[in-house]
Amino acid sequence: MTKYERQLLQTIILGVLIILSSCKKDENPVVVQPKPDVILPLNVNNQWTYKRTYFDSLGAVSQIDTFSCKVLRDTVIQSEIWSIMSYWGTAYRNKADGCWAAFSQPTLLYKYPAFLNETFLSGQDTVSVVSTNTITTVPAGTFACYSYERDFYGLPYHTLLSPKIGLIKDDWVVRINNGPPFINAQIELISYSLL
């Protein structure tokens with residue numbers, strides 16, 4: 001290396017050191033907080049596709065179809081941002097205590113986080129958290145889920161949701177002419193696209 005090249009290299013290094021030493025350290029740096037876990041991710045354009053299987057009172061399959069649900073847009077309800085879903089046409093919002101729906105009045109649908117055997121009111125229904133780590137397999141894969149049991153007019157509705165994914169499986173229970181309750185329809189996640 002020539003004397004000129006050495007002096008040039010020293011000048012460059014000195015210049016970089018001066019620039020670095022003159023950078024002001026922020027006394028109050030902005031820290032980006034990670035988004036907390038949610039039971040139903042409500043980003044616009046999130047989409048879920050489900051297989052819905054209908055059963056007769058003897059448990060035989062009577063019909064199978066599919067449907068998709070997508071977060072269409074956000075809206076403001078009572079100064080809060082809510083998300084409009086395409087299939088159900090209802091507004092949803094994640095709050096510190098779980099996922100809410102804006103029916104005639106805002107209603108806590110799924111408490112999250114929640115404890116095993118915890119109960120809460122969802123509208124007029126009592127909902128129990130029967131598991132916080134149910135492993136279930138559906139066409140979209142295998143998921144660790146919160147399992148909720150909703151007492152809907154004396155009938156147990158079972159819903160499985162996986163944190164950060166959403167609804168995985170749902171059993172709709174009915175009773176005909178005071179007979180025994182049976183699963184009338186079952187929803188299972190086929191695919192999903194989350195942003």
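Values in this text are rule-based calculations from the coordinates and carry no lab data. Just so you know, these numbers come straight off a predicted model, no measurement behind them. Using ideal geometry, Cβ is built from the backbone for each residue, glycine included, and neighbour counts are taken over all protein chains shown.
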- Filtered trypsin sites (Lys or Arg not before Pro), the stretch 93-195: DSSP coil and at most 16 other beta carbons within 10 Å: Lys164, Arg175
- Task: Amide H neighbours of Tyr87 under 5 Å, at least 5 residues apart or on other chains, H built in the peptide plane: list them.
- Result: Lys70
- Query: Roughly speaking, what % of Cα-Cα pairs in the stretch 123-162 are separated by over 13 Å, rounded to a whole number?
  - Reply: 53
- Item | Spread of Cα-to-Cα distances over 10 Å intervals beginning at zero, given as percent, for the stretch 97-151 | 25, 46, 26, 3
- Task: May I have the count of lysine pairs in the stretch 47-193 with C-alpha atoms under 16 Å apart, counting pairs 8 or more residues apart or located on different chains?
- Result: 6
- How big is D for the stretch 68-195, in µm² s⁻¹ as a whole number, if Stokes-Einstein is applied with the Kirkwood radius of its Cα pairs at 10 °C and 1.306 mPa s? 102
- Debye log10 I(q)/I(0) for the stretch 33-112, one point scatterer per Cα, at q = 0.23 Å⁻¹: -1.07
- Of the GluC sites (Glu not before Pro) in the stretch 88-195, which ones lie in a loop per DSSP and count no more than 10 other C-beta atoms within 10 Å? none
